[in-house]
Amino acid sequence: MDEAFLSRADLLVRTGLPGGDVVPLIVADSLRELAAQWPGLRALAGDEETHRAVAKRLAGLDGRRIRKAVHAALAQRLAVAREPELLGVRDLLSAAEEAAAESGSRTAGTGPEDTRSARSG
């Protein structure tokens, strides 16, 4: 975030990244959102072992990137993009690995804090 912008903010809220116990919950919540639209995903949305496996690969990412990774899994294969209820564990793991690799190249040299909200007046 630009220091000039930050210096003008009336409110600046810095939050850390979600802890290891929270990441699987974000994965699960994202899958429940998808299952609301595609009921065939309910089993995946309730599979805690899958949530933990995907979360393990997404550790160190912020909540927005975690959710984006889950949704990006829908685009891993053309068949899944056409029929989202075909989404599987491999798609989720692949998307998680891709998000982690992408994030690693983008965030090299950044600190652990992440600015979530800044309001200027």
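Remarks
- Global geometry of the stretch 56-100, whether rounded, prolate or oblate, following the gyration tensor of its Cα atoms and the 1.5 cut on a/c: prolate
- Nearest-0.05 FRET efficiency for Ala43 and Thr15, computed from C-beta distance (R0 22 Å): 0.10
- Helix-only CD estimate at 222 nm, as mean residue ellipticity for the chain, using -39500 (n - 2.57) per DSSP H run (n ≥ 4): -17000 deg cm²/dmol
- Values of log10 I(q)/I(0) for the chain across q = 0.12, 0.13, 0.19, 0.21 Å⁻¹ run -0.50, -0.57, -0.96, -1.09, by the Debye formula with one identical scatterer at each alpha carbon and no solvent.
- Carbon plus sulfur fraction of accessible area for the chain, probe 1.4 Å, in percent: 50 percent
- Across the chain, Cα pairs under 8 Å and at least six residues apart give a relative contact order of 40 percent.
- Each residue of the stretch 1-51 gets 116 Å³ once the volume of the Cα convex hull is shared out per residue.
- Calculated FRET value between Ala75 and Arg8, using beta carbons and R₀ = 30 Å, to 0.05: 0.20
- Solvent-accessible area per residue for the stretch 25-73 (1.4 angstrom probe, square angstrom): 52 Å²
The values are calculated or read from the model by the stated rules, or taken from the named source; none is laboratory data. These figures come from a predicted structure and were not determined experimentally. Note that we place each Cβ from the backbone using ideal geometry, even for glycine, and neighbour counts take in every protein chain shown. Accessible surface is based on the protein model in full, side chains and every heavy atom, while ligands, DNA and RNA are left aside. Shrake-Rupley method; radii C 1.70, N 1.55, O 1.52, S 1.80 Å.
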